[in-house]
Amino acid sequence: MRKLRLLIGALVLLTTFAFAQSDRGTITGTVVDSSGAVVPGAKVVLTNSGTGIRQETTTTPTGNYAIASLSVGRYTLSVEQPGFAGYEQSNILVQVAETARVDVTLQVGQSTQSVEVSADASMLKTESAEQSSSIGGDTINTLPMNYGIGAGALRNPLAFVNLTPGSMMTGWNTINVNGLPGDSFRILFEGQESNNGLDGRASDEVQPSVEAVQQFTLQTSNFAAEFGQVAGGLFNFTARSGTNQIHGGAYVYATNEDLNAGIPYTNDGQGHHARPFERRFDGGVSFGGPVYIPKVYNGKNRTFFFFNYEKYRDHSQTNLGVGTVPTDAMRAGNFSGILTNRNLGTDFAGRAILENTIYDPATTVTDSSGRYVLQPFPGNAIPQARIDPVTLKILKYIPEPTVAGAVANNYALVTPFHKVQDLPSVKIDENLTAAARLSFYFAKEITDKDVGQDGFPDPISIRRAPHIQGTNARLNFDDTLSPHLLLHMGAGVQRYVNPDSSPAVNTSFDEAGLLGIVGAPGTGFPRLSGVGNN
């Protein structure tokens, strides 16, 4: 009975992982002799040129072979069979979620002889009908910064959809593939579901640094059965891994208004074109290789790491136009300056209704028809004693006009803007045995930024200051149980937190102690609608 339970459990396990989604590639082909007859039982060895990791299989009775669950990279394929010269083909490129076909023809000869071929696998896809485009990390990193694409932030790996025929990105991650809706794409990273469940446009806030991407493939149609629940394109990313060679680098992208061209037909007051304040910085470091601890452990051909850290800073100034704030006379209750003498009609008492007239609610009377009639404040001025003390305290937080002598459009809505992002990531690859491999990836993107600026200072501003955190972790395990049976298991977690709220200086404002507002629902400075409107 115990054996039966183990068998059932194993079948369930294999069934579960048979439908696993993966970023791994496959090499397949047929081994024949010079006459075209198939060669069964030939030993096929595939070696990763960067890490030295080997995988083996044998050809089937029909001469076919397949080696699956391969990390992105370049490989060397060797084939051996008694009575034939050895065969070796190098520089075979394996791409994300794609199958490369490498057919082999063996020549009769001694095993000490060998035939060497240095060529890439055929680019003609014969193993599947899916349509896709693959872009490597080197290509991505040679392209210009994508400040003009998306929300303006860390380099966005999704932005390179524009290099794929039939696909485009506009605005903030609005991606259309083959004309399908912009929210129908799907993202996998290291086999991990990596869409932003809150808002597809914010998917770049849970993605890796461009520097940490080894390659990505955008599949546009005829998806394999394992990639369901997608219509408008499937992004499949794989992270960079370390190799037997130590590699590292540093990168910096920066903008400064002193280096920018001036805005035509403007004057900064000193005879030069205006250059709006703009400070952007995007830089980081990356480092990878075999894990090596002197006199303790040498991970060559076995244990590898790749670490990347990227930081983005944007400190700029945004001009939102002009708004209106109270003048000194208005703060004292005198609104005579806003009278225009424009007649808007007549009231119930037959008097002219002049534009911007302020009426005194204390003078309300009811006429013979039951209608309310009020008297205007003399001179359109509210007596100081009639102004509510809470109002006087709130007025202290409203800024003074920046345009002298104007009663409207008298305040320049210029606001500082900041956005800071940190994105560390690490990938560890372990060759447990000749047949078993383990890989782990972790990244955490932290974003602090301003949202909804209105040009007013705190605490009256309605701006928000979200602290966003996007975490991705993935563990993959591959084991070649036999030359024709592979076990692939993967588990991961994605967490996205976006507390989109006002900053603490606003939400924690002591409205009771500083303004005298008692019993109001909620906390913080009261929301002032219409501030800044004409």
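The values are calculated or read from the model by the stated rules, or taken from the named source; none is laboratory data. These figures come from a predicted structure and were not determined experimentally. Note: ideal-geometry Cβ built from the backbone for every residue, glycine included; neighbour counts use all protein chains shown. With ligands, DNA and RNA removed, areas are computed over all heavy atoms of the protein, side chains included. Shrake-Rupley method; radii C 1.70, N 1.55, O 1.52, S 1.80 Å.
Classify segment 430-534 as rounded, prolate or oblate from the Cα gyration tensor: take a ≥ b ≥ c as the square roots of its eigenvalues, call it rounded if a/c is under 1.5, otherwise prolate when a/b beats b/c and oblate if not. Cα axes put segment 430-534 in the prolate bin. Report D for segment 61-109 in µm² per second (integer): Stokes-Einstein, Kirkwood Rh on Cα pairs, 25 °C, 0.890 mPa s. Result for D is 200 µm²/s.
Diffusion coefficient of segment 462-507 by Stokes-Einstein, Kirkwood radius over Cα pairs, 10 °C, 1.306 mPa s: 112 µm²/s. Every helix of 4 or more DSSP H residues in the chain counts as -39500 (n - 2.57), and over all residues that averages to -2000 deg cm²/dmol at 222 nm.
Each peptide among 362-370, 268-276, 440-448 gets the average number of other Cβ atoms lying within 10 Å of its residues, and from highest to lowest they stand as 440-448, 268-276, 362-370.
Averaged over residues, the count of other Cβ atoms within 10 Å places the peptides 93-105, 281-293, 387-399 in the sequence 93-105, 281-293, 387-399, highest first.
What FRET efficiency comes out for Gln317 versus Ala250 if R0 is 41 angstrom and r is the Cβ-Cβ distance? Round to the nearest 0.05.
Numbers: r = 29 Å, r/R0 = 0.70.
Computed FRET efficiency for Gln317 and Ala250: 0.90.
Rounded to the nearest 10 degrees, the angle from helix 2-18 to the longest Cα principal axis of the chain is 60 degrees.
Global dimensions of the chain from alpha-carbon coordinates: Rg and Dmax equal 34.1, 122 Å.
State the percentage of accessible surface on segment 465-527 attributable to carbon and sulfur atoms; use a 1.4 Å probe and exclude ligands, DNA and RNA.
Working: 1930 of 3320 Å².
Accessible surface attributable to carbon and sulfur in segment 465-527 totals 58 percent.
How many angstrom lie between the Cα centre of segment 267-286 and the Cα centre of segment 415-447? The two parts, judged by their Cα centres, are 32 Å apart. For segment 412-492, the pair-distance distribution built from all alpha carbon pairs, in bins 5 Å wide starting at 0, is 3, 12, 15, 12, 9, 8, 8, 7, 7, 6, 5, 4, 3, 1, 0 percent. May I have the count of lysine pairs in the chain with C-alpha atoms under 28 Å apart, counting pairs 8 or more residues apart or located on different chains? Close lysine pairs under the 28 Å cut-off: 15. For segment 283-378, the calculated P(r) over all alpha carbon pairs, in 10 Å bins from 0 to the bin holding the longest distance, is 11, 20, 14, 9, 6, 7, 8, 9, 10, 5, 0 percent.
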